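The values are calculated or read from the model by the stated rules, or taken from the named source; none is laboratory data. Keep in mind that this is a model prediction, so the values were computed, not measured. Note that we place each Cβ from the backbone using ideal geometry, even for glycine, and neighbour counts take in every protein chain shown. Accessible surface areas use protein heavy atoms only, side chains included; no ligands, DNA or RNA. Shrake-Rupley method; radii C 1.70, N 1.55, O 1.52, S 1.80 Å.
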Amino acid sequence: MTPWLTDDRRMLIAAALFAGWVASLALPAVTIFDGHSAVPMSGAFVLMAGWIGAMHFQFGWIANFALFAALWLLIRWRPYRRALRIAAALLALSALHSLDLIVHPEANGMRGAHAGYFLWLGVCLAAAAIAVFYSFQTITERHDQPV
């Protein structure tokens, strides 16, 4: 049986996810209220200043590292299944943790999220889902081999 996620498709999906991540950097991601006015911030600015969020127990920024780890493991010829699942779990958990910014925007000085944030969140969750799917697909491929 031919696997659904072939090598070519994996490379294409990883490239599309990376392109979506790059596009999220160019789009406005969040609006910050600085006390006088609301200022929209691009995804690139949020990426550069995101490490500050860890001081407020906001770990969504870590999802960027987990995204690169998951994409790197996806494009490998023989990915490590366990590492792929760990990267996918860390990616999904840290990306979903950033939803606290949407649920409690006042506590973070925010006024709203925009297309860049939602594109980034979609890319992270899609990469996590595809990584988990592929890690289990490789197991079924091993069991389909004739003995």
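Give the residue that is surrounded by the fewest Cβ atoms within 10 Å (Cβ to Cβ), with candidates limited to residues of the stretch 50-60 that are within 19 Å of residue 118 (Cβ to Cβ) and of a type outside the set (S, T, N, Q). Full working, then the answer.
Narrowing the stretch 50-60 to residues within 19 Å of residue 118 (Cβ to Cβ): 50, 53, 58-60.
Narrowing the set further to residues that are of a type outside the set (S, T, N, Q) leaves 50, 53, 59-60.
Numbers: 50: 19, 53: 19, 59: 17, 60: 23.
Checking each candidate, the answer is 59.
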Filter result for residue 76 (open to solvent by 50 Å² or more (accessible area, probe 1.4 Å), over 17 Å from the mean Cα position of the chain (by Cα) and basic (Lys, Arg)): yes
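Is it the case that some residue within the stretch 10-17 is among the small types (Gly, Ala, Ser), outside any loop (DSSP other than H, G, I, E, B) and surrounded by fewer than 18 Cβ atoms within 10 Å (Cβ to Cβ)? Can you show your working first?
Kept after step one, since they are among the small types (Gly, Ala, Ser), are these residues of the stretch 10-17: 14-16.
Filter again for outside any loop (DSSP other than H, G, I, E, B), leaving 14-16.
With the extra rule that they be surrounded by fewer than 18 Cβ atoms within 10 Å (Cβ to Cβ), the set shrinks to 15-16.
Looking through the stretch 10-17, at least one residue is among the small types (Gly, Ala, Ser), outside any loop (DSSP other than H, G, I, E, B) and surrounded by fewer than 18 Cβ atoms within 10 Å (Cβ to Cβ).
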Residues that are open to solvent by 80 Å² or more (accessible area, probe 1.4 Å) and modelled with pLDDT under 85, drawn from the stretch 83-111: 103, 104, 106, 107, 111
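Condition first: part of a strand (DSSP E or B) and over 14 Å from the mean Cα position of the chain (by Cα). Can you find one or more residues in the stretch 54-63 that meet it?
At the first step, the residues of the stretch 54-63 found to be part of a strand (DSSP E or B) are none.
No, every residue in the stretch 54-63 fails to be part of a strand (DSSP E or B) and over 14 Å from the mean Cα position of the chain (by Cα).
Residue by residue, here is whether (1) touching a residue at least 24 places away in the same chain (Cβ under 8 Å); (2) over 12 Å from the mean Cα position of the chain (by Cα); (3) in a helix (DSSP H, G or I) holds:
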{"residue": "83", "(1), (2), (3)": "no, yes, yes"}
{"residue": "86", "(1), (2), (3)": "no, yes, yes"}
{"residue": "92", "(1), (2), (3)": "yes, no, yes"}
{"residue": "95", "(1), (2), (3)": "yes, no, yes"}
{"residue": "112", "(1), (2), (3)": "yes, yes, no"}
{"residue": "119", "(1), (2), (3)": "yes, no, yes"}
{"residue": "127", "(1), (2), (3)": "yes, no, yes"}
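May I ask you to verify whether residue 122 is of a type outside the set (Phe, Trp, Tyr), modelled with pLDDT of 90 or more, open to solvent by 20 Å² or more (accessible area, probe 1.4 Å) and under 22 Å from residue 26 (Cβ atoms)?
Numbers: of a type outside the set (Phe, Trp, Tyr): yes; modelled with pLDDT of 90 or more: yes; open to solvent by 20 Å² or more (accessible area, probe 1.4 Å): yes; under 22 Å from residue 26 (Cβ atoms): yes.
It is true that residue 122 is of a type outside the set (Phe, Trp, Tyr), modelled with pLDDT of 90 or more, open to solvent by 20 Å² or more (accessible area, probe 1.4 Å) and under 22 Å from residue 26 (Cβ atoms).
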Of residues in the stretch 18-49 being among the polar types (S, T, N, Q) and either out of contact with any helix residue (DSSP H, G or I) (no Cβ under 9 Å at 6 or more places or on another chain) or more than 13 Å from residue 117 (Cβ to Cβ) (or both), the one most open to solvent (accessible area, probe 1.4 Å): 37
